[in-house]
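**Q** The structure follows.
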Amino acid sequence: GAEKLLKQELETIAAYANANGKIDAESLSKDSLELLQLYMDQQQTWQEVCLVIERDEKRGSAKTLTVNRPMAFKLSESMGRLVLNGAYGMQKNGKDTQDFVKFLSAFESACGVYVGGPDNMEEPATMIHGISDLPGAQEISPGTGIYKGGLEAAMDGVLEGKYKPLDFRFFIGHTSYTGGELDRAVARGSYQPVATCRSLILKQCLRLPKPLWHEVLEFCGGELREISKLEFMKREDLQ
């Protein structure tokens, strides 16, 4: 089948490796090089579920968050600083220190932190939630019921008992696309665009009985549901 052919081709490519295990790209044929690139891309994005939070059709730009790559569900001080201020952010004055103490007080015991993507991971995290009337929040797209921002009100709401810490999801980094890159990724089959229910996107990936990728495909039904079944059968840990 296809997997056997892929394995054979990868073994052929591996034969070009030198004593240090490195492969000179110039020694590969164009077809082998393209196959290797596709394989590496698929390995890096294996069963990703991504939320498109920005898209400009005219410019061909887009920004996505990978929602099923959990990083932490509790905050240490260093993780809290990374989420709140970014990798290089510093507490410059008393208010910054107060904000950090408030953030830890609200989210230290429970906080859903995810790797959103490889771009701009040094920046403060993006907060996603489903609270429509949270001050400072913006809906990512009309009618989705999914919002980003409003951290100050979120902290106050958690401390007041109005919200639960896990009502919010924090994403470090994102994936940026320019010049129609996302459209081309979809065209070559790297991603499948779907419209899914907000409850799946807002769900924390914590002790799920079934991985989120499978839940999304099953929700979509049809061919995607069948793909999920086939992949699920390969997972001995999920049987």
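The values are calculated or read from the model by the stated rules, or taken from the named source; none is laboratory data. No experiment lies behind these values; they were computed from the predicted model shown. When we count neighbours, we look across all protein chains shown, and the Cβ atoms used for this are built from the backbone with ideal geometry, even at glycine. Only protein heavy atoms, including side chains, enter the accessible area calculation; ligands, DNA and RNA are left aside. Shrake-Rupley method; radii C 1.70, N 1.55, O 1.52, S 1.80 Å.
**Q** Test ILE131 against the criterion of being among the β-branched types (Val, Ile, Thr), in a loop (DSSP other than H, G, I, E, B), touching a residue at least 24 places away in the same chain (Cβ under 8 Å) and touching a strand residue (DSSP E or B) at 6+ places or on another chain (Cβ under 9 Å), and give yes or no. Outline the logic, then answer.
**A** Working: among the β-branched types (Val, Ile, Thr): yes; in a loop (DSSP other than H, G, I, E, B): yes; touching a residue at least 24 places away in the same chain (Cβ under 8 Å): yes; touching a strand residue (DSSP E or B) at 6+ places or on another chain (Cβ under 9 Å): yes.
Yes, satisfied.
**Q** Still on this structure, I have one more. What number of residues within segment 144-171 are under 19 Å from the mean Cα position of the chain (by Cα), in a loop (DSSP other than H, G, I, E, B) and farther than 22 Å from GLU122 by Cβ?
**A** Residues that pass the stated criteria total 3.
**Q** I would also like to ask the following. Quick one: how many residues across segment 196-211 are under 19 Å from GLY145 (Cβ atoms) and either open to solvent by 50 Å² or more (accessible area, probe 1.4 Å) or not in a helix (DSSP H, G or I) (or both)? Steps first, please.
**A** Filtering segment 196-211 down to residues under 19 Å from GLY145 (Cβ atoms) leaves 196-204.
Right, trim to either open to solvent by 50 Å² or more (accessible area, probe 1.4 Å) or not in a helix (DSSP H, G or I) (or both) and you get 196-199, 203-204.
Residues that pass the stated criteria total 6.
**Q** Could you check segment 125-148 and list, in sequence order, the residues that are more than 20 Å from LYS203 (Cβ to Cβ) and either touching a Pro at 6+ places or on another chain (Cβ under 8 Å) or at pLDDT 95 or above (or both)? Outline the logic, then answer.
**A** Here is the first cut: in segment 125-148, the ones more than 20 Å from LYS203 (Cβ to Cβ) are 133, 135-136, 138, 142.
Passing the criteria: ASP133, PRO135, GLY136, GLN138.
**Q** Find the residue count for segment 50-67, including only residues that are out of contact with any strand residue (DSSP E or B) (no Cβ under 7 Å at 6 or more places or on another chain) and crowded, with 20+ Cβ neighbours inside 10 Å.
**A** Result for segment 50-67: 0.
**Q** While we're here: Would you mind stating whether GLY157 is over 26 Å from SER61 (Cα atoms), exposed (fewer than 11 other Cβ atoms within 10 Å of the Cβ), out of contact with any helix residue (DSSP H, G or I) (no Cβ under 8 Å at 6 or more places or on another chain) and among the small types (Gly, Ala, Ser)? Even if it seems obvious, please write down each step before you answer.
**A** On the way: over 26 Å from SER61 (Cα atoms): yes; exposed (fewer than 11 other Cβ atoms within 10 Å of the Cβ): no; out of contact with any helix residue (DSSP H, G or I) (no Cβ under 8 Å at 6 or more places or on another chain): yes; among the small types (Gly, Ala, Ser): yes.
Answer is no for this residue.
**Q** Name the single residue that is nearest to GLU48 (Cα to Cα) among those in segment 68-97 being assigned to a loop (DSSP other than H, G, I, E, B) and open to solvent by less than 40 Å² (accessible area, probe 1.4 Å). Show your work before the answer.
**A** As a first pass, look at segment 68-97 and keep what is assigned to a loop (DSSP other than H, G, I, E, B): 68-69, 73-76, 86-93.
If we keep only those that are open to solvent by less than 40 Å² (accessible area, probe 1.4 Å) too, we end up with 68, 75, 86, 89.
Details: ASN68: 7, LEU75: 24, GLY86: 24, GLY89: 29 Å.
Step by step, filter segment 68-97, then rank; the result is ASN68.
**Q** When you scan segment 155-186, how many residues do you find that are in contact with a strand residue (DSSP E or B) (Cβ under 8 Å, 6 or more places away or on another chain), more than 17 Å from MET79 (Cβ to Cβ) and without any contact (Cβ under 8 Å) to a residue 60 or more places away in the chain?
**A** Number of matching residues: 2.
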